[in-house]
Amino acid sequence: MTEKTAPGDEGHSIENALRSENGVLTVGGARAVVMTEAAYVFLMKVLYEHAPHTIKYAFYDMGYRVGEQLMASLQKEDEDPERGFRLLVETYRQSGYGDLEVTYFDLGEPQARLSGTELFEVAVAREASVYRTPRCVCHYSRGMFAGFMSRLLRREVICEEVACQYRGEERCEFVVLSLQWSEDAVPPPAGEAGAPGQQ
């Protein structure tokens with residue numbers, strides 16, 4: 001079990017995962033495109049106009065699949081699982097998704113906790129103006145973190161956002177845990193008492 005440490009790994013940079021050649025950009029061997037924040041805002045608005053009830057689930061599922069794919073393509077077979085998870089989170093950070101760090105990791109439970117600020121989904125939600133009430137909005141990111149861990153464990157996990165800057169909290173906080181869990185097993189967000197926050 002490892003408590004909070006500095007994010008990333010010495011010598012690791014986005015250049016190790018990202019390549020551009022002949023007009024094709026790849027991340028971990030998979031083709032990628034640069035999507036501006038404005039484009040993501042338009043995507044959210046279109047989804048909201050046509051199927052508002054799908055936003056939370058669609059972005060989570062998309063992030064989950066991307067997370068699994070990235071972990072599969074970037075993790076080395078003999079690599080320590082915690083190190084692999086942290087490197088993927090560092091790749092997330094260096095790719096511009098937001099300033100994020102792993103604050104807790106225990107593959108035995110299994111559970112991971114992440115904390116960050118300036119996540120792109122918060123800015124997108126503010127610009128898109130599709131939500132009428134404060135709520136957790138980082139569904140793509142939490143899906144991606146679940147995908148990272150699911151690939152490590154070779155079984156499905158879930159990720160819940162228990163604090164979000166969009167609803168006025170100081171940081172976005174995430175808990176990744178097995179589908180088989182009890183509320184007693186989940187520690188509260190830093191500085192708070194009780195079970196994880198509800199959306």
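Figures for the structure shown
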| read-out | value |
| --- | --- |
| Out of Ala185, Ala146, sole residue that is closer than 29 Å to Glu79 by Cβ, modelled with pLDDT of 95 or more and not acidic (Asp, Glu) | Ala146 |
| Unmet criterion (only one of (1) of a type in the set (Val, Ile, Thr); (2) modelled with pLDDT of 85 or more; (3) under 20 Å from the mean Cα position of the chain (by Cα)) for Thr2 | (2) |
| Filter result (more than 13 Å from the chain's Cα centre (by Cα) and assigned to a loop (DSSP other than H, G, I, E, B)) within the range 137-154 | Arg154 |
| Criterion violated by Gly96 - all others in (1) farther than 28 Å from Arg19 by Cα; (2) without any contact (Cβ under 8 Å) to a residue 60 or more places away in the chain; (3) in a loop (DSSP other than H, G, I, E, B) satisfied | (1) |
| Flag if Lys56 is among the charged types (D, E, K, R) and at pLDDT below 85 | no |
| Some residue of the range 155-168 being over 23 Å from Val33 (Cβ atoms), under 14 Å from the mean Cα position of the chain (by Cα) and surrounded by fewer than 20 Cβ atoms within 10 Å (Cβ to Cβ) | yes |
| Extreme residue, nearest to Asp80 (Cα to Cα), among residues of the range 117-167 that are of a type in the set (D, E, K, R) and touching a strand residue (DSSP E or B) at 6+ places or on another chain (Cβ under 6 Å) | Arg142 |
| Qualifying residue in the range 15-35 (condition: modelled with pLDDT of 80 or more and in contact with a Phe, Trp or Tyr (Cβ under 8 Å, 6 or more places away or on another chain)) | no |
| Flag for Leu70 being in a helix (DSSP H, G or I), without any contact (Cβ under 8 Å) to a residue 40 or more places away in the chain and surrounded by 13 or more Cβ atoms within 10 Å (Cβ to Cβ) | no |
| Boolean, Glu156 is in contact (Cβ under 8 Å) with a residue 24 or more places away in the chain and of a type in the set (Asp, Glu) | no |
| Residue among Glu82, Glu90, Glu109, Glu118 that alone is of a type in the set (Asp, Glu) and crowded, with 20+ Cβ neighbours inside 10 Å | Glu90 |
| Where a residue in the range 39-55 is surrounded by 11 or more Cβ atoms within 10 Å (Cβ to Cβ) and its partner, wherever it lies, is polar (S, T, N, Q), with Cβ under 8 Å and at least six apart | Leu47/Thr54 |
| Failed criterion for Pro81 (all others in (1) modelled with pLDDT of 90 or more; (2) closer than 18 Å to Met149 by Cβ hold) | (1) |
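For every residue, the table says whether it meets (1) touching a Cys at 6+ places or on another chain (Cβ under 7 Å); (2) modelled with pLDDT under 80; (3) under 26 Å from Ala163 (Cβ atoms); (4) assigned to a helix (DSSP H, G or I).
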site: Ala38; (1), (2), (3), (4): no, no, no, yes
site: Leu87; (1), (2), (3), (4): no, no, yes, yes
site: Tyr104; (1), (2), (3), (4): no, no, yes, no
site: Ala112; (1), (2), (3), (4): no, no, yes, no
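The values are calculated or read from the model by the stated rules, or taken from the named source; none is laboratory data. All of these numbers come straight from a predicted model, not from anything done at the bench. Cβ: placed from backbone, ideal geometry, glycine included. Neighbour counts: every protein chain shown.
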